[in-house]
Amino acid sequence: MAQQAAPTLQLQWTGDPDADRLVSENPTALLIGFCLDQQVPIEWAFQGPLRMRERLGTIDPVEVARMDPAVVEKAFQTPPALHRFPVSMAQRVYGLCQVIADVYGGDTTRIWTEAQDAKELEHRFAALPGFGAAKARIMVGVVAKQLGVQTPGWEGVAPDWPTLADVRTVAEREQYQAQKRAFKAALRAEAAANGDTGNAPATRKRPAKTVARGRA
């Protein structure tokens, strides 16, 4: 079983000190942010847990899981909406809280502290609503580098290209975002050069390793 260190996590992902503090200190908030981190800017996604708490009064997974899902959806839809796709993302976050409440007894940290190895941890993340294969691998890296929980074999599972596992400061976030934009632009240009009028491939080569690597 992994041994957990106790680093003082100070993420600067949102531009809002209160939102940064919440995702740094509250494991459920961190997972909700990652659940929301799709098709919206990083800042928007990780401000979501704070806005959700402001509107619902809590992000405790047990309490959220007991709510009427329509209440959660309304909180996400109320202007300004918490996501580009507020209803579907509210449903995913609600489902995430249900899993944490039902499978892990409301203790989000059990997802990683009770995993026997990195493969098991990867499977646990991949089973969460709003997470998939790629995000599950990223989360193994986040847990190891940001939270200090280095589950046996994590180096072989976590991506070897820059992800949010490697980002803490504003400068690192901006560099990471610039790199992502450049990578996507290159894919679009290549697709256009090849006569592809649709979207560029979602995945191909990994981004160049230009962001400072995270803390092992």
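The values are calculated or read from the model by the stated rules, or taken from the named source; none is laboratory data. Source: prediction; values computed, not measured. Glycine gets a Cβ as well: all are built from the backbone with ideal geometry, and neighbour counts include every protein chain shown.
Evaluating T151 against the criteria (1) within 14 Å of W13 (Cβ to Cβ); (2) among the hydroxyl-bearing types (S, T, Y); (3) touching a residue at least 40 places away in the same chain (Cβ under 8 Å) leaves one unmet condition, (1).
Within segment 9-50, restricting attention to residues that are over 18 Å from D166 (Cβ atoms) and β-branched (V, I, T), which residue is surrounded by the fewest Cβ atoms within 10 Å (Cβ to Cβ)? Among them, the one singled out is V40. Each residue in segment 13-57 was checked for being within 17 Å of F125 (Cβ to Cβ) and either in contact with a Lys or Arg (Cβ under 9 Å, 6 or more places away or on another chain) or modelled with pLDDT under 95 (or both), and 6 pass.
Restricting attention to segment 74-115, the residues that are farther than 21 Å from A45 by Cα, part of a helix (DSSP H, G or I) and more than 16 Å from the chain's Cα centre (by Cα) add up to 5. All conditions but one from (1) in contact (Cβ under 8 Å) with a residue 24 or more places away in the chain; (2) farther than 20 Å from Y94 by Cβ; (3) surrounded by fewer than 23 Cβ atoms within 10 Å (Cβ to Cβ) apply to R53; the one that does not is (2). For segment 131-155, filtered to residues that are in contact with a Phe, Trp or Tyr (Cβ under 8 Å, 6 or more places away or on another chain) and part of a loop (DSSP other than H, G, I, E, B), the residue that is surrounded by the most Cβ atoms within 10 Å (Cβ to Cβ) is T151. Looking only at segment 156-173, residues that are assigned to a helix (DSSP H, G or I) and either surrounded by fewer than 14 Cβ atoms within 10 Å (Cβ to Cβ) or within 15 Å of the chain's Cα centre (by Cα) (or both) come to 7 in all.
Could you please give the count of residues in segment 155-190 that are farther than 18 Å from G141 by Cβ, without any contact (Cβ under 8 Å) to a residue 60 or more places away in the chain and in contact with a Gly (Cβ under 9 Å, 6 or more places away or on another chain)? Looking only at that region, the number is 0.
Against the test of being in contact with a Leu (Cβ under 8 Å, 6 or more places away or on another chain) and either surrounded by 21 or more Cβ atoms within 10 Å (Cβ to Cβ) or farther than 24 Å from K180 by Cα (or both), the options V71, V87, V103, V62 yield a single qualifying residue, V71.
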